[in-house]
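Below is one structure, written out as structure tokens, with a few remarks after it.
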Amino acid sequence: MILPESKFFKSSDFLVSDGNIIKDLKIAYQTWGKLNAKKDNAILICHGYTNHHFPEDQNVGWFNNLMGFGKAVDTNKYFVICANMLGSSFGSTGPKSINPKTNLPFGSDFPLITNIDIINTQKLLIENFKIKKLHSIIGYSFGGHLVYLWATEFPNMMKSIVSIAGSFDKWDVSKEKIELIEKPFSNCKNWNNGHYYSLDSSEIDKALIDYRINVLNFYGFKDYLLSLDYSLERVNKEVNKAAKGWAKYFDPNSLIILRRANLNSSASNKASKIQVPILKVLAKSDKVTNMVQGNSTVQKFASLGINCTFIELNTKFGHYGPMCEPDEWSKELQLFLNNNDNII
């Protein structure tokens, strides 16, 4: 996996929820299309937990089936922005960044960020473009949760939100689950409590590849490849190749830090602040965000009088399904975005 070159937004003295200050904040991002004179055609895309900020790219794009010229998210019409999350490993300030106090990578000493910190950095980027209101915010998986937080924290900054395979609440994230993420790495001899960067990391790299293989299989990627009539040997090679390419970039500290950011993250307490239409997309076969959660969220919106369109996908490919079978819902997405044209 080779990522294209990023653009960077920089800011100083970013205050984190835990009271720490990130002196030199850097957010990697990419844009597509052109911002119009009114600055009202911008769409923000929020990526997933282990994903990157290149949703539309010939080689590594994860949203290619739904974004591009003439597609649902039409880059002829919209100015699309996607920023790498704070704490991630694809160019934004994260655990691999240098801690000015030690002149070494932060590692596990990276500030204890929350999801609100993540969307606050995205807000800084949007404001840097002098955009007052986004045409829409679209999020997938982890990003599908962030869009709800956007709608509750900054309800006047968008015309709509689209949550794809995203949870309204992250109450299922517990300290025990965070420890399960950390355990395979902490068992490696050179983990050094997350400060492994100058040591032999071969054992850690192997644990990271194994983690990614398990995720790809659980999300439905392997099932999708099998549906293409590939041999099992070829499928396993493709999964291993994808995992190894990803592991070259991703820091296991980011897995832990971003998982902690989800601890007790919920939009429930401020749900009544949501003022915009919602498009919620969820596969019936999703093992990550299940239909019980999905239906509960839709019922909550209905009780609050929030306009929510719920698309239940029949795809067999679980969490990966919305990305690999766009024909199930691309027209609905396009219509939903077009309807924003009439919203002031």
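The values are calculated or read from the model by the stated rules, or taken from the named source; none is laboratory data. Keep in mind that this is a model prediction, so the values were computed, not measured. In this analysis, Cβ positions are derived from the backbone assuming ideal geometry, glycine residues included, and neighbour counts consider all displayed protein chains. Side chains are part of the model used for accessible areas, which takes the heavy atoms of the whole protein and leaves out ligands, DNA and RNA. Shrake-Rupley method; radii C 1.70, N 1.55, O 1.52, S 1.80 Å.
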Worksheet item: When ranked by the protection proxy of mean other Cβ atoms within 10 Å per residue, highest first, what sequence do the peptides 61-68, 323-330 form?
Response: 61-68, 323-330
Worksheet, complete the sentence: The rounded separation in angstrom of the Cα centers of region 32-69 and region 263-316 is 22 Å
Worksheet item: Spin-label point model (7 Å from Cα, Cβ direction): what's the residue 76 to residue 263 distance in nm?
Response: 4.9 nm
Worksheet item: In region 156-204, what percent of the accessible surface is made up of carbon and sulfur (1.4 Å probe, ligands and nucleic acids excluded)?
Response: 47 percent
Response to the item:
Volume per residue (Å³) of the convex hull spanned by the alpha carbons of region 219-344 is 150 Å³
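About its Cα centre, what dipole magnitude does the chain give when the only charges are +1 on Lys and Arg Cβ and -1 on Asp and Glu Cβ, stated in debye to the nearest 20? Could the numbers behind the result be given before it?
Numbers: 39 positive and 33 negative charges, 128 e Å.
Roughly 620 debye for the chain.
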Worksheet item: Counting only heavy atoms of protein chains, what accessible area per residue, in Å², does the chain have with a probe of 1.4 Å?
Response: 46 Å²
Item to complete: Evaluate the distance, in nm, between pseudo-label points positioned 7 Å from the Cα of residue 272 and of residue 130 along their respective Cα→Cβ axes.
Response: 3.8 nm
Fill in: Relative contact order of region 103-210, defined on C-alpha pairs under 8 angstrom at six or more residues apart (%)
24 percent
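In region 17-86, what percent of the accessible surface is made up of carbon and sulfur (1.4 Å probe, ligands and nucleic acids excluded)? Could you put the intermediate results ahead of the total?
Details: 1170 of 2750 Å².
It is 43 percent, rounded to a whole number.
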Worksheet item: When the accessible area of region 262-344 is computed with all protein chains present and a 1.4 Å probe, what percentage of it is carbon and sulfur?
Response: 45 percent
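Find how much the distance from residue 230 to residue 299 grows on full extension, using 0.36 nm per residue of separation minus their present alpha carbon separation; answer in nm with one decimal. Present the calculation step by step, with values, prior to reporting the outcome.
On the way: separation 69, 0.36 × 69 = 24.84 nm, distance 4.07 nm.
Value of the extension gain: 20.8 nm.
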Worksheet item: Want the number for residue 284 to residue 332: 0.36 nm per residue separation, take away the alpha-carbon distance, what's left?
Response: 15.6 nm
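Expressed as a rounded percentage, what relative contact order does region 1-130 have, with Cα pairs under 8 Å and six or more residues apart? Can you show the working numbers first?
On the way: 215 pairs, mean separation 31.9, N = 130.
That works out to 25 percent.
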Worksheet, complete the sentence: In terms of the charge dipole of region 258-344, which places +1 on Lys and Arg and -1 on Asp and Glu at the beta carbon, the residue among 307, 340, 329 farthest towards the positive end is 307
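When DSSP beta bridges are limited to those with both residues in the chain, what percentage is antiparallel, rounded to the nearest 5?
Given both bridge residues lie in the chain, the antiparallel proportion sits at roughly 40 percent.
For residue 198 and residue 183, compute 0.36 nm times the residue count separating them, minus their Cα-Cα distance, and round to one decimal in nm. Present the calculation step by step, with values, prior to reporting the outcome.
Details: separation 15, 0.36 × 15 = 5.40 nm, distance 2.04 nm.
Once the chain is fully extended between residue 198 and residue 183, it gains 3.4 nm.
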Discussion item. Tell me whether region 1-148 comes out rounded, prolate or oblate; compute the Cα gyration tensor, take square roots of the eigenvalues as a ≥ b ≥ c, and use a/c under 1.5 as the rounded threshold.
Written reply: prolate
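From the C-alpha coordinates alone, can you work out the Kirkwood hydrodynamic radius of the chain, in Å?
Working: mean 1/r = 0.0487 Å⁻¹.
Hydrodynamic radius (Kirkwood, Cα pairs) of the chain is 20.5 Å.
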Item to complete: Within region 66-162, report the chymotrypsin sites (Phe, Trp or Tyr not before Pro) that DSSP leaves as loop and that have at most 15 other Cβ atoms within 10 Å.
Response: 69, 129
Worksheet item: If you build the Cα gyration tensor of region 39-117 and take the root of 5 times each eigenvalue, what three semi-axes come out, in whole angstrom, biggest first?
Response: 31, 13, 10
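Explain nothing, just the number: dipole magnitude of region 133-198 about its Cα centre with +1 on each Lys and Arg Cβ and -1 on each Asp and Glu Cβ, in debye rounded to the nearest 20. It would help to have the intermediate numbers written out before the result.
Values: 7 positive and 6 negative charges, 33 e Å.
The calculated dipole for region 133-198 is roughly 160 debye.
Given the -39500 (n - 2.57) contribution per DSSP H run of 4+ residues, what per-residue ellipticity at 222 nm results for the chain, rounded to the nearest 500 deg cm²/dmol?
Values: 10 runs with 116 residues, N = 344.
Rounded to the nearest 500, the figure is -10500 deg cm²/dmol.
Regarding region 136-225, what's the average projected area of the Cα-atom convex hull, expressed in nm²?
On the way: hull surface 33.6 nm².
That works out to 8.4 nm², a quarter of the Cα hull's surface.
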